[in-house]
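Trainee: Structure below; questions to follow.
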Amino acid sequence: MRHPRRHFLKAFKRTLYYPRYLNIVMNKNIEKEMKENQKFLEELLEAPSPTGYENAAVDVFNNHMSDFSRHAFTDKFQNSVFTKGAINGTPILLSGHYDELGFLVSEVTESGMCKIVRISGEDRRVLPGSRLSALTKDGMVDGIIQYKAIHVQTGSEYDSIAKMEDLCLDFGCTDKKELEGLGIGVGTLMVYPKYEQNINFGPSGKFIVGNSLDDKLGVYIVAEILRRVDEDLLVKKNITLFGAGVAGEESGLRGAKVLARRVDPEISIDFDVCPSTEKDLGISSAMYGDISLGKGVVIEYGPAKSRRIGDTMKYLAGKNNIPYQIGVGRAGGTNTSAIQEHATNCETMLLSLPNRNMHQPYEQCHWDDVESCINLVLKWIEEL
C-alpha cells in the first residue's frame, strides 16, 4: 500500500516543477524548429541561381513552401508564388529575390583559360584572386581569377580597379581541349563558391556569412512569415497573403515587373538588404544613415515607400519592444519601386537587413535583424 503522505509529496513536487519542465521542453522544441528552418536557408544559399537562371533556387523554395502554404504559380520568368489565408481576399504581397550575382564565359583561350563578363553588379575590386565555380552538366568546377601581380603593374594599374578584360579565370588546365573536357566553354555560367557559407558565424553564432544573402535572406523571411502567420486570422480579416520568390532583380528588377502585373497587390512589402554604416567601415552616416548589424530591421523611408505603413510599423515596433532602425533611401535599386510602377494601385514598403560586404564573396548579416523583421511584420498583420 502506497503511503498517502509520500504520494502527496510526489504529486506536489510534480506540480511545483512542471512549469520549469514545460519551459525546458518548449525551448528545446523552439530550438529544434529554428534549426530545421535554418536548414532551408542553408539549402537556398547552396543552390546556384545566377540572375536569369534561378531554377535551382526555385526548386528549393517550392519544396519548402509547399509544407505550409498553397502553390499559386511558378511563371516562365521563374517567379514563384504561394498563398495563405482567404480565397480572393485583399491581396497583400511579401517578396524577396533569390537570384544572385553571376558571370558568363565570353572567351576560351588556347592556353586553357577563360575570359568572363559580369551579368549583374559584382564589385570588381575584389575579383582578382577570388574563386568562381563553373556550373557544368556534371556539377560545379572551381577556378581562380588571375590578374597580374603587383610587382609588374604600372603605377596607374596599381591605383585603379582591374578591368574585366584584363582578368583570366584559371581552372588548372594547360590547353583549350582540357578545359572543354571539364564541360566549360563560351556561355558557361559562374557563381561564387557555395561551400563556404556559415549561418552561425562568430562566438555568438548570430552572424550569417554567405555570398548571396542579398537577397536569399529576404526569401527566407517571406517563407518564415507565411509559416508562422495564423491562417484563421487571415481568413477572418479577408486577407490573401502572397509569398513570392522573385527572379531577375540583379539584372534590372525584371521579375518584379512581371509579378506585380499578375498578382496586382493592394499592399506590397519587399524584403532586401542595405549597407551597414558602422564607423569602422568609413561610411558616412550623414549620407546613408546610422545602420548597424544586430540592432534590428531597417524601416525604410523614401519616394517608393509608404509613409503610412512605415509610421505604423515604427509605432508597432516601439509598442512591442521590437528593435528597429530607420533607413533613408532613394527611389529605385530594389523591387519595391518596380512593384509600385507595375501594379495597378499598390502601396509599397521596403524592410531591409543591414549587410556588410554587399555584392562581394562574403556578405554578412545578423540573426537578430532577421527575427525582428519577421516579428514586426507578423504584428503588423495582426493590426490590419
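Trainee: Calculate, axis by axis, the spread of Cα positions in segment 194-248 along the three principal axes, and write the results as whole Å, longest axis first.
Mentor: 43, 31, 13
Trainee: Could you work out the relative contact order of the chain? I mean the mean sequence separation of Cα pairs under 8 Å and 6+ apart, divided by the number of residues, in percent.
Mentor: This gives 20 percent for the chain.
Trainee: Calculated from the structure, Cα Rg over 2.2 N^0.38 Å equals which of (1) 0.92; (2) 1.05; (3) 1.14?
Mentor: (3)
Trainee: Just add up the charged neighbours of Ile309: K/R +1, D/E -1, any other residue whose Cβ is under 12 Å from the Cβ of Ile309.
Mentor: Spelling it out: positives minus negatives among the neighbours equals -2.
Trainee: Treating segment 103-191 as a set of equal point scatterers at the Cα positions, no solvent, please give the Debye-formula log₁₀ I(q)/I(0) at q = 0.13, 0.19 Å⁻¹.
Mentor: Normalising to I(0) and taking log10 leaves -0.41, -0.83.
Trainee: Also: Classify segment 49-88: rounded, prolate or oblate, from the alpha-carbon gyration tensor (a ≥ b ≥ c, eigenvalue square roots; a/c under 1.5 rounded; otherwise prolate if a/b is larger than b/c)?
Mentor: Because a/c hits 1.5 or more and a/b fails to exceed b/c, segment 49-88 counts as oblate.
Trainee: Here's something else I'd like to know. If R₀ is 25 angstrom, what is the calculated FRET efficiency for the pair Gln38 and Asn321, using the beta carbon separation as r and rounding to 0.05?
Mentor: 0.60
Trainee: Okay, moving on. What shape does segment 245-333 take by its C-alpha gyration tensor, where a ≥ b ≥ c are the square roots of the eigenvalues and a/c under 1.5 counts as rounded, a/b above b/c as prolate, and the rest as oblate?
Mentor: Judged from the Cα gyration tensor, segment 245-333 comes out oblate (a/c at least 1.5, b/c at or above a/b).
Trainee: For a label point 7 Å from the Cα of Glu157 along Cα→C-beta, name the residues of segment 169-191 whose backbone N is under 16 Å from it.
Mentor: 169
Trainee: At 1.567 mPa s and 4 °C, plugging the Kirkwood radius over alpha-carbon pairs of segment 283-384 into Stokes-Einstein gives what diffusion coefficient in µm²/s?
Mentor: 90 µm²/s
Trainee: How much FRET efficiency would the formula 1/(1 + (r/R0)^6) give for Asp170 and Asp232, where r is the Cβ-Cβ distance and R0 is 41 Å, rounded to 0.05?
Mentor: Efficiency, rounded to the nearest 0.05: 0.10.
Trainee: How far apart, in nm, are two points set 7 Å out from the Cα along the Cα-to-Cβ line at Ala149 and at Glu178?
Mentor: 2.1 nm
Trainee: Taking R0 as 45 Å, what FRET efficiency do you get between Ser106 and Arg307 from their Cβ-Cβ distance, rounded to the nearest 0.05?
Mentor: E between Ser106 and Arg307, to the nearest 0.05, is 0.50.
Trainee: Can you tell me what percent of all Cα-Cα pairs in segment 25-183 are more than 24 Å apart?
Mentor: 54 percent
Trainee: Under 5 Å between amide hydrogens, which residues at least 5 positions from Val328 or on another chain qualify, with H placed 1.01 Å from N in the peptide plane?
Mentor: Correct list: Tyr301.
Trainee: Got a sec? Which residues in segment 175-190 would a label at Thr136 touch, if it sits 7 Å along Cα→Cβ and we count backbone N under 13 Å?
Mentor: 175-186, 188-189
Trainee: Which whole-Hz couplings ³J(HN,Hα) result when phi for each residue of segment 192-201 is put into the Karplus expression 6.51 cos²θ - 1.76 cosθ + 1.60, θ = phi - 60°, listed in order with x for Gly and Pro?
Mentor: 5, x, 9, 9, 10, 6, 8, 8, 9, 7
Trainee: Could I ask something else about it? Under 24 Å between C-alpha atoms is the cut-off here; go through segment 103-191 and count lysine pairs that meet it, provided they're at least eight residues apart or on different chains.
Mentor: For segment 103-191, qualifying lysine pairs total 10.
Trainee: Give, in nm to one decimal, the length gained when the segment between Val328 and Phe68 is fully stretched (0.36 nm per residue of separation minus the Cα-Cα distance).
Mentor: Here the segment from Val328 to Phe68 would lengthen by 90.1 nm.
Trainee: Taking a 21 Å limit on the Cα-Cα distance, which of the listed pairs Lys84/Lys237; Lys39/Lys216; Lys76/Lys257; Lys84/Lys319 fall beyond it?
Mentor: Listed pairs above 21 Å: Lys84/Lys319.
Trainee: Still on this model: Determine the relative contact order of segment 103-191: mean sequence separation of Cα pairs under 8 Å and six or more apart, normalised by residue count, in whole percent.
Mentor: With pairs under 8 Å counted, the relative contact order is 45 percent.
Trainee: Give me a comma-separated list of calculated 3J(HN,Hα) values for segment 287-302, in order, Karplus coefficients 6.51, -1.76, 1.60 applied at θ = phi - 60°, integers in Hz, x for any Gly or Pro.
Mentor: Each residue's phi maps through the Karplus curve to give 8, 10, x, 9, 10, 10, 5, x, 9, x, 4, 9, 8, 8, 10, x Hz.
Trainee: Tabulate in residue order the Karplus-calculated ³J(HN,Hα) for segment 74-90, using 6.51 cos²θ - 1.76 cosθ + 1.60 with θ = phi - 60°, rounded to whole Hz; enter x for Gly and Pro.
Mentor: 3J(HN,Hα) across segment 74-90, in whole Hz: 10, 8, 5, 7, 6, 6, 10, 10, 10, 10, 8, x, 5, 8, 6, x, 5.
Trainee: Let me ask something additional. In deg cm²/dmol, rounded to 500, what helix-only [θ] at 222 nm does the chain give when every DSSP H run of at least 4 residues adds -39500 (n - 2.57) and the total is split over its residues?
Mentor: It comes out at -11500 deg cm²/dmol, rounded to the nearest 500.
Trainee: Starting from the amide H of Thr240, placed 1.01 Å from N in the peptide plane, find each other amide H under 5 Å away whose residue is 5 or more places distant or on another chain.
Mentor: It is Ala86, Gly89, Thr90, Ile92, by chain and number.
Read-outs throughout are calculated quantities, based only on the coordinates presented, and are distinct from any laboratory measurement. Keep in mind the model is a prediction, meaning the values are calculated, not measured. FYI the Cβ positions are ideal-geometry reconstructions off the backbone, even for glycines, and counts take in every protein chain you see.
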